[in-house]
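J.: My structure is below; once you've seen it, I'll send some questions.
Taken together, the values in this text are just the output of simple stated rules run on the coordinates, not laboratory data. The shown structure was predicted, so the numbers you read here are calculated from the model rather than taken from an experiment. No Cβ is skipped: glycine too gets one built from the backbone with ideal geometry, and neighbour counts run over all protein chains shown.
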Amino acid sequence: MKGRGRVRVSAPVFHRTGWLMLFFLAFVCAAVGLWASTIPVLSIRQVSDGRIVFQSPVDEGSRFSLLYIHSIHRTPVEELFFINDKGQIVLDAMLFESYGVGMPTSLEGVETLRMDDGKMRIEGIGRTLHSFELRIGQVLADHRLLLRGDEIPLASLSKPGSAVRIEVGRLHVWEYLKGGLRLD
């Protein structure tokens, strides 16, 4: 039986195009997933026109502080916040030097008061906020955001005297990858 050799048969056309279609479908799914995915961001938005003036990615457990000088007794105050598992802002603790108008005068629930390096520290506040607004001080307050070791003067983000809303929002991953964070 000479002359009988192996004949190579090419793969069916459907087999080759099937792999290409599968690859294309996977690419489309990844692109749609990327477009539809969002990441949580801490945002500062002007109340007057809704314009976002600052954003920074956050995760569950991320911490930040607001620092300012109290307008009446003119001493530093620090409010400490974290992001909970539902993406909400939680006021966790407060540091201040003296009691006075606008400062807590009693403890509620599981709150505790202790002295910390010459300052009063209320811990365990646990007040959940979807967002909160504040008016940026014009003269004395010097509101600052402390986030990941960076101190950002709020007056550099919006005009002193203007109201801003601090909230956790969502930013599409696609916008994030394009440099969509607003850090101006």
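J.: Consider a paramagnetic label point 7 Å from the Cα of T38 along Cα→Cβ; state which residues of the stretch 147-171 have an amide N under 18 Å from it.
T.: 165-171
J.: Need the full-extension length gain, S131 to V47, defined as separation in residues times 0.36 nm minus the C-alpha distance. One decimal, nm.
T.: Full extension from S131 to V47 adds 29.1 nm.
J.: Can you give the FRET efficiency to the nearest 0.05 for M115 and E151, using r as the Cβ-Cβ distance and R₀ = 22 Å?
T.: It comes out at approximately 0.35.
J.: Could you check the spin-label model distance between N84 and R6? Points 7 Å from the Cα along Cα→Cβ, value in nm.
T.: Going from the N84 label point to the R6 one covers 6.8 nm.
J.: So for the pair K159, T17, with labels modelled 7 Å out along Cα→Cβ, what separation do we get in nm?
T.: Each label point is offset 7 Å from its Cα along the Cβ direction, giving 6.4 nm.
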